[in-house]
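Participant: Supplied in structure tokens, the structure appears directly below.
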Amino acid sequence: MAADVTRLLADWSQGNEQAFDQLAPAVYDELRRLAARYLSRERSNHTLQPTALVHEAYLRLIDQSRVEWKNRAHFFGVAAQMIRRILVDHARAHQAAKRGAGVAHFAIDDNFDAAASRDLDLVALDDALATLAAFDPQQGRVIELRFFGGLSIEETAEVLNISPATVKREWAAARAWLYRELSGAAPTP
């Protein structure tokens, strides 16, 4: 299946519109599972549904006509960026509508072991990721791909063209930094 998606992405990058028609159903279910997983961490009265999130991400992905898709992992890495932007934009709009009273919370799951039961403000997470990416772009991308993209260590390594061991190190360091940043905990000496 991954090889089929990679082939279809390559064909689509070369301008083959029929490849996109075949690609859409091949990745839709995975994108929907990804969207459902992230939305399950949001507040219970969230107005954005997985199908709407996937459709919005799809519309943004279709506009990526100049991208030379390398493989399935690259596609889902870009999809992770799209999903992150959509969720954050939605959270910011909701927060603005409530004048800050209705901050959207995002539960950190086992991807962030140290804070498994803690609820996070999605806007605060996005701001922290932007800060992290400003001083360590690679760590920012690792978090984005793993957390928002749902990519494995190996897929993340493939997208970033680094070793899985490096992904593991960056993942651990970035998680620790984000935990400190978001929890307000003082860094340990």
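Participant: Which residue is modelled with the lowest pLDDT, if the candidates are limited to segment 53-73 and must be closer than 16 Å to residue 160 by Cα and surrounded by 19 or more Cβ atoms within 10 Å (Cβ to Cβ)?
Facilitator: Here the answer is 69.
Participant: What are the pairs with Cβ atoms under 7 angstrom where one residue, in segment 150-165, is more than 18 Å from residue 69 (Cα to Cα) and free of Cβ contacts under 8 Å to residues at least 60 places away in the same chain and the other, located anywhere, is assigned to a helix (DSSP H, G or I) and β-branched (Val, Ile, Thr)? Sequence gap at least six, or different chains.
Facilitator: Hits for this filter: 153/167; 164/153.
Participant: Further question: Mind listing whichever residues of segment 134-147 are assigned to a helix (DSSP H, G or I) and either closer than 13 Å to residue 171 by Cα or among the hydroxyl-bearing types (Ser, Thr, Tyr) (or both)?
Facilitator: Within segment 134-147, 137, 138, 139, 140, 141, 142, 143, 144, 145, 146, 147 qualify.
Participant: Which of (1) crowded, with 17+ Cβ neighbours inside 10 Å; (2) modelled with pLDDT under 85; (3) of a type in the set (A, V, I, L, M, F, W, C) is the odd one out, the single condition residue 86 does not satisfy?
Facilitator: With (1) crowded, with 17+ Cβ neighbours inside 10 Å; (2) modelled with pLDDT under 85; (3) of a type in the set (A, V, I, L, M, F, W, C) applied to residue 86, the lone miss is (2).
Participant: Related question: What residue, of 36, 101, 107, 96, is farther than 25 Å from residue 139 by Cβ, surrounded by fewer than 18 Cβ atoms within 10 Å (Cβ to Cβ), in contact with a Leu (Cβ under 9 Å, 6 or more places away or on another chain) and modelled with pLDDT under 80?
Facilitator: Within the list 36, 101, 107, 96, the selection yields 36.
Participant: Given (1) surrounded by 22 or more Cβ atoms within 10 Å (Cβ to Cβ); (2) part of a helix (DSSP H, G or I); (3) at pLDDT below 90; (4) not polar (S, T, N, Q), where does residue 181 come up short, assuming only one miss?
Facilitator: Exception for residue 181: condition (1).
The values are calculated or read from the model by the stated rules, or taken from the named source; none is laboratory data. Predicted, not measured: the structure shown is a model, and the values here were computed from it. So basically every Cβ, Gly included, is an ideal-geometry build from the backbone, and we count neighbours across all protein chains shown.
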